[in-house]
Structures are given as C-alpha cells and as structure tokens.
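What follows is a short report on a single structure.
Bear in mind these aren't lab numbers, they're just calculated from the coordinates by the rules spelled out. These numbers come from a predicted model, not from an experiment. Heads up, the Cβs are rebuilt from the backbone with ideal geometry, glycines too, and the neighbour counts pull from every protein chain shown.
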Amino acid sequence: MATILDGRVLAQNIKSVLQQEVAELKEKTGVVPRLVNVMIGLDHSACAYANSQKKVAENIGINYELTILPSDVTQQELITVIKRLNADPCVDGIMIHKPIPAAIDYRAVANYVDIEKDLEGINVANIGKMILGETRLIPCTPAAVMEHLKSTAIDLKGKEAVIVGHSEIVGKPLSLLLLRELATVTVCHLATSQAGRLVDHVRRAEILVVAVGKASLIKGDWIREGAVVIDVGINRVEDKMVGDVEFDAARKRASFITPVPGGVGPVTVVMLMRNGVEAYKSQRLKKDMY
Ligand code: NDP
C-alpha cells in the first residue's frame, strides 16, 4: 500500500523555511518581497484562488497585492500595466492571473513580464533559460511535482519517468526538470491515447506524473508495482474533487502517491512564493550575498 504524499504537510515545511528566510531578509534590508497579481475582471473562483494565495503570502511575511483590471481591458492597456510594474523598483514579482479574456493574446503579454520578476516562469526567455538550467524562476506546478519527488528521497537518475500531458505550464517544463535529474523521460499526450499506447507507457513508469484533467484516465491496474504516482489533475465529479488517476486502486500498487485534493495543489502555491523570494533576492541583493 502506497505512502500518501501529503501536500499540505510538505507545503507547511517549505513555508516554514521561507518564513525564516523572509524574516532574515527583512532584518538585513528592512523590506519584504512585494508581489503583484494582475487579474482581469472579477471571476469568482479566480478571486477565491487569489485570496488563498494572499493568505499563504502573508503567512510567510510576503506583501501580496491584487491589481484588478476591468474585464474589457485591451491588450495594450494590460501591457502598459505590466510595463509600469516592471519599472517599479518596489515590485519584486508579477503574475498574470488566468483566465484572461479571449481577445488578449496571453503569450504576447507574458513576454512583457520582466524576466527577473516573472513569478510563473512564463516569459519565453525564462522558458529558454530552463533548458540551460539558468533560471531560478521555474513554473510553479512542475516545481511542486519535483518537491514531492524530492520528499520521497528516491534517486531519479536512470529511472523511467512518464509524464501524461504536454501543456506549456506542466508537462513540457516538467520534462526538462526530470531530465536535469537524469531520469529517462517519456511524454505522452492525446495522440498517445489515440494510438492506444498510453497504457503501455504507464505500465513501465517508475515515476508517473499525470496532468491532463480527465477523471479516471489512468486505471489503477496500469500502475507498475512500486511506482511513484504524482497526480496533478483536478476534476469535479459529483461535487467531489478528484485527480486523473484511480486513486484507491493505484494506491494498492504504488509506493508513493499524491491525493487530490491535498497533493500537488498546496505545494504549487508555496512554489509561487518561493519564486517571489528568489525574484526579490536577484533584484535587491548583490549577487555575491546569496
Ligand atoms: P491542458 O488542458 O493545457 O493540457 C492537458 C494535456 O493533456 C494536453 O497536453 C493534452 O494533450 C493531454 N491530454 C488530453 N487528453 C488526453 C488523453 N486522453 N490522453 C493523454 N493525454 C491527454 O491542462 P493543464 O496542463 O493546464 O492542466 C492539466 C490538469 O492539471 C488539469 O486538471 C488542471 O486543472 C490541473 N492543474 C493542477 C494544478 C495544481 O496545482 N494542482 C496546476 C495546473 C493545472 P494534447 O495537447 O495533445 O491534446
């Protein structure tokens, strides 16, 4: 029976380290990191998520602000706001809260976020730097997956790692992070399923990460005996939140498994804060001080 990787406990541990670090930075410089979340329109669930981020930030000692723009804001107006935040030396980190209106080209706007302030690692320059291992601002969900893997103390070198889902925010950046640890990485997607090959790849995974958004896509009996299973997916089924993996059946075969909710999600929020602290340090401290 797999050990459950409790994301709330892991998040709390990382939060404690960050709390300490922020307190020390404040003592040294007199200021704490200041992060700004730019939200467009007043979407109820986006606001709830932003409020939970704010709570985590304040708990760590980080100053977190929400800038809410009208839902009919133009792309140019949004870019102007981003440029103003880029130029403000008192702002350490910027994020653009999703969803954003269809009329706005997210990718074009993302590339305006200063690479030093890019909390979500969305600027194309930071994406490129990830390949070279040169940025500390790594997209938050892949970073959370890596923290879960690190908590198992399993050496990833040479392991068969299979990622299901190749989105720009989860699967693709995660493949680079796993490669950096010298895992042998396979990335599956819709075409893998359509070719009827998903099950074959999942069956040989020693490390399995699923980020699709389809409940029960991964059957419990596909899981390799002793595999580590990280379920990123979030789905609502009959008013219950579930992942992409059949949890109960998978738990019987895996060695470690994340639950949904309470697995990757809580750690993702803390990774955003960790990026905020890294952004602060790179801008406010001399490089040789950290
Ligand atoms: P996207 O919709 O951007 O990507 C989904 C991916 O799944 C695509 O690469 C798609 O491939 C692939 N896919 C779709 N159907 C299948 C299938 N039948 N078999 C194999 N692959 C398939 O989603 P995100 O990456 O943004 O998010 C994925 C899930 O993770 C969602 O449930 C989301 O809510 C959750 N999430 C959770 C977070 C957390 O912190 N816990 C944070 C971010 C996301 P293709 O492009 O080829 O169609």
field: Structure-based [θ]222 nm, the chain - -39500 (n - 2.57) summed over DSSP H runs of at least 4, per residue, nearest 500
entry: -13500 deg cm²/dmol
field: Shape parameters for the chain, alpha-carbon atoms, Rg then Dmax in Å
entry: 19.3, 58
query: Where a Cα-Cα gap under 18 Å defines reach, which lysines qualify for LYS219, not counting those fewer than 8 residues away within the same chain?
result: LYS252
field: Likely footprinting exposure, GLU120, GLU168, GLU181, fewest C-beta neighbours within 10 Å first
entry: GLU168, GLU181, GLU120
field: Contour excess over end-to-end distance, with Cα ends at ARG8 and ILE79 and 0.36 nm allotted per residue
entry: 22.0 nm
- request: Send over the semi-axes of the range 3-84's equivalent ellipsoid, whole angstrom and largest first, taken as the square roots of 5 times the C-alpha gyration tensor eigenvalues.
  value: 29, 20, 9
task: Return a whole-number percent for the relative contact order of the chain, with Cα pairs under 8 Å and 6 or more residues apart as the contact set.
output: 22
query: Relative contact order for the range 146-283: what is it in percent, counting Cα pairs under 8 Å that are at least 6 residues apart?
result: 19
- prompt: With each label point set 7 Å from Cα along the Cα-Cβ vector, what nm distance links HIS44 and LEU69?
  reply: 2.5
- request: Ratio to report: Rg/Rh of the range 91-156, with Cα atoms as the point set and Rh obtained by the Kirkwood method; give two decimals.
  value: 1.05
query: So if we plug the beta-carbon distance of ARG197 and GLU160 into 1/(1 + (r/R0)^6) with R0 = 25 Å, what FRET efficiency do we get, rounded to 0.05?
result: 0.95
- prompt: Going by a ≥ b ≥ c, the root eigenvalues of the Cα gyration tensor, does the range 140-264 fall in the rounded group (a/c under 1.5), the prolate group (a/b larger than b/c) or the oblate group?
  reply: rounded
- line: So for the range 206-276, using the alpha carbon gyration tensor with a ≥ b ≥ c as root eigenvalues (a/c under 1.5 gives rounded; past that, a/b versus b/c decides prolate or oblate), I'd call it oblate
- prompt: Pick from LEU174, LEU42, LEU25: which is most flexible by mean-square fluctuation in a GNM of the chain where alpha carbon atoms under 10 Å apart are linked?
  reply: LEU42
message: I need the shape label for the range 169-210. Rule: rounded when a/c is under 1.5, else prolate if a/b > b/c, else oblate, with a, b, c from the alpha carbon gyration tensor.
response: oblate
- request: Please give the helix 264-284 orientation as an angle from the longest Cα principal axis of the chain, in degrees from 0 to 90, rounded to the nearest 10.
  value: 40
- line: Once ASN59 and GLN283 are pulled to full extension, the length gained, defined as 0.36 nm per residue separation minus their Cα-Cα distance, is 78.4 nm
- prompt: For HIS148, HIS189, HIS166, HIS44, what's the fewest-to-most ordering of other Cβ within 10 Å of each Cβ?
  reply: HIS44, HIS189, HIS166, HIS148
- prompt: Remind me, relative contact order of the range 108-183 in percent, using alpha carbon pairs under 8 angstrom and six or more residues apart?
  reply: 27
